[in-house]
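**Student:** Please see the structure below; I have some questions.
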Amino acid sequence: MKRLNSQLQNDGAPLELILLIRTLLAGCKEISFRVSQGALAGVLGSTLSENVQGETQKKLDVISNQILKDILSESGYVKAISSEEEDDVVGCNPDGNYLVSFDPLDGSSNTEINSLIGTIFSITHAPQWMEPNDPSAFLQPGTQMVAAGYVLYGPSTMLALTTGRGTHIYTLDKTHGGFLLTHPNVKVPEQTKEFSINASNQRHWEPSMQSYINDLLAGEEGPRGKNYNMRWVAAMVGDIHRLLCRGGIFMYPYDKRDPAKPGKLRLLYEANPMAFLMEQAGGLADTGDGRILEVMPTEIHQRVPVLIGSKEEVETCLSYKSK
Ligand code: AHG
Ligand code: MN
Ligand code: MN
């Protein structure tokens, strides 16, 4: 089986980017080990602090963030990082050529139930002009990413990665510590009978989203003429992994509760990297108002609505807006 390094070379990734990705993944392997220790290492449960977004931090949120921050700052490749768990941009090496954004632990409420969690990341070039702690350089549309991916800490530790030449999935071989290419060039089926949404929020959605979901629930007897199945992992990383493996549509739609939070998911740390992976696998990723990758961020912790997955199903969902 092909190793990560050789696939990245095949895809034409520059040496420094390959070294950066491998450094980041060394951090993820450490997170994978800490996660697997669970209660034995005392890493489960909450801290007493909140992140900048008002969410109570789990111990593993803080540990994972620290691991990635340390390894990336010390690598020399990185000018600055932005993280879901950091209030502000963190400056690293002033001569670094890359910026890295990450959600160190996605789905962290799942730590308590030994269920799926992961790390999501994206990499862009660092502009020459930027000071290491200047957040404005992170305010680039997702189309500027040079790499994005996630590491899923499940029964196997798996990596989905794109550098813009397709989406490849690797499995961590813990006997030698390397990621091996187990699912090359994944393609998401264009049609699906599977959807993911937290339906407990239904009353807060826009009418078009309510009627789209009602039509899915109506099954064979409804306008869609087929029976759908519903899945919800409560970790985007787990839901998107399922979509990359067998298709589906995942939604965290516009929610009218708080105009300051038009969606739950974060553009830089969640929506953009998943959109890049999905598009490279032949799927679509939209906010409901346009392509996620073309959103011009206004601040690093910005949230956006997310509709992502199998091409035809996302298109159908979007068509309800104009009905
Ligand atoms: P995080 O753990 O990084 O805060 O992200 C959780 C996100 C996302 O992964 C998941 O799809 C969603 O929140 C789950 O939301 P619900 O609480 O509505 O299930
Ligand atoms: Mn998350
Ligand atoms: Mn998180």
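The values are calculated or read from the model by the stated rules, or taken from the named source; none is laboratory data. All of these numbers come straight from a predicted model, not from anything done at the bench. For neighbour counting, all protein chains shown are included, and Cβ atoms are generated from backbone atoms with ideal geometry for every residue, glycine included.
**Student:** Are there any pairs with C-beta distances below 9 angstrom linking a residue in the range 308-323 that is touching a residue at least 12 places away in the same chain (Cβ under 8 Å) to a residue that is of a type in the set (Gly, Ala, Ser) and assigned to a helix (DSSP H, G or I), with the two at least 6 apart or on different chains, and if so which?
**Tutor:** So the pair list comes out as 308/271; 308/275; 317/208; 320/208; 320/211; 321/208; 323/208; 323/211.
**Student:** Within the bounds of the range 207-223, is there any residue that is away from ligand 3 (no atom under 16 Å from the Cβ), over 30 Å from residue 109 (Cα atoms) and in contact with a strand residue (DSSP E or B) (Cβ under 7 Å, 6 or more places away or on another chain)?
**Tutor:** no
**Student:** Quick one: in the range 31-46, which of the residues that are hydroxyl-bearing (Ser, Thr, Tyr) and part of a helix (DSSP H, G or I) is surrounded by the fewest Cβ atoms within 10 Å (Cβ to Cβ)?
**Tutor:** 36
**Student:** What residue, of 247, 263, is modelled with pLDDT under 95, assigned by TED's automatic domain parsing to the domain that holds residue 315 and either in contact with a Pro (Cβ under 9 Å, 6 or more places away or on another chain) or of a type in the set (A, V, I, L, M) (or both)?
**Tutor:** Step by step, each of 247, 263 is checked, and only 263 is modelled with pLDDT under 95, assigned by TED's automatic domain parsing to the domain that holds residue 315 and either in contact with a Pro (Cβ under 9 Å, 6 or more places away or on another chain) or of a type in the set (A, V, I, L, M) (or both).
**Student:** Give the residue, chosen from 261, 256, that is among the basic types (Lys, Arg) and within 16 Å of ligand 3 (Cβ to nearest atom).
**Tutor:** After applying the criteria, what remains is 261.
**Student:** When you go through 290, 282 one by one, which is the residue that is without any contact (Cβ under 8 Å) to a residue 12 or more places away in the chain and on the phi > 0 side of the Ramachandran plot? Write out each step before concluding.
**Tutor:** Details: 282 fails: without any contact (Cβ under 8 Å) to a residue 12 or more places away in the chain.
Answer to the check: 290.
**Student:** Tally time: how many residues in the range 169-186 are part of a strand (DSSP E or B), aliphatic (A, V, I, L, M) and closer than 16 Å to residue 280 by Cα? Let's see the steps before the verdict.
**Tutor:** First, the residues of the range 169-186 that are part of a strand (DSSP E or B): 169-173, 178-183.
Checking the rest, the ones that are also aliphatic (A, V, I, L, M) come to 169, 172, 180-181.
Now restrict to residues that are closer than 16 Å to residue 280 by Cα: 169.
Number of matching residues: 1.
**Student:** Can you name the residue in the range 113-138 that is among the hydrophobic types (A, V, I, L, M, F, W, C) and surrounded by fewer than 16 Cβ atoms within 10 Å (Cβ to Cβ) and, of all such residues, is nearest to residue 302 (Cα to Cα)?
**Tutor:** Once the filter is applied, the top-ranked residue is 129.
**Student:** I would also like to ask the following. What about residue 214, is it surrounded by fewer than 23 Cβ atoms within 10 Å (Cβ to Cβ), within 23 Å of the chain's Cα centre (by Cα) and either in a helix (DSSP H, G or I) or free of Cβ contacts under 8 Å to residues at least 12 places away in the same chain (or both)?
**Tutor:** Values: surrounded by fewer than 23 Cβ atoms within 10 Å (Cβ to Cβ): yes; within 23 Å of the chain's Cα centre (by Cα): no; either in a helix (DSSP H, G or I) or free of Cβ contacts under 8 Å to residues at least 12 places away in the same chain (or both): yes.
Judged against the criteria, residue 214 is not a match.
**Student:** Of the numbered conditions (1) in a helix (DSSP H, G or I); (2) within 16 Å of ligand 1 (Cβ to nearest atom); (3) surrounded by 22 or more Cβ atoms within 10 Å (Cβ to Cβ), residue 85 satisfies every one except a single condition; which is it?
**Tutor:** That leaves (1) as the condition not met.
**Student:** Is there a residue in the range 264-279 that is over 24 Å from residue 137 (Cβ atoms) and within 18 Å of the chain's Cα centre (by Cα)?
**Tutor:** Yes.
**Student:** Further question on the same structure: Restricting to the range 82-99, give me the number of residues that are closer than 20 Å to residue 274 by Cβ and away from ligand 2 (no atom under 16 Å from the Cβ).
**Tutor:** 2
**Student:** Also: How many of the residues making up the range 146-160 are more than 18 Å from residue 64 (Cβ to Cβ) and crowded, with 23+ Cβ neighbours inside 10 Å?
**Tutor:** Matching residues across the range 146-160 total 1.
For (1) assigned to a strand (DSSP E or B); (2) in contact (Cβ under 8 Å) with a residue 60 or more places away in the chain; (3) in contact with a helix residue (DSSP H, G or I) (Cβ under 9 Å, 6 or more places away or on another chain); (4) not small (Gly, Ala, Ser), each residue gets a yes or a no:
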residue: 17; (1), (2), (3), (4): no, yes, yes, yes
residue: 21; (1), (2), (3), (4): no, yes, yes, yes
residue: 29; (1), (2), (3), (4): no, yes, no, yes
residue: 48; (1), (2), (3), (4): yes, no, no, yes
residue: 53; (1), (2), (3), (4): no, yes, no, yes
residue: 71; (1), (2), (3), (4): no, no, yes, yes
residue: 94; (1), (2), (3), (4): no, no, no, yes
residue: 104; (1), (2), (3), (4): yes, yes, yes, yes
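**Student:** Among the residues of the range 106-142, write down those that are touching a strand residue (DSSP E or B) at 6+ places or on another chain (Cβ under 7 Å), assigned to a helix (DSSP H, G or I) and within 16 Å of ligand 1 (Cβ to nearest atom).
**Tutor:** 108, 110, 111
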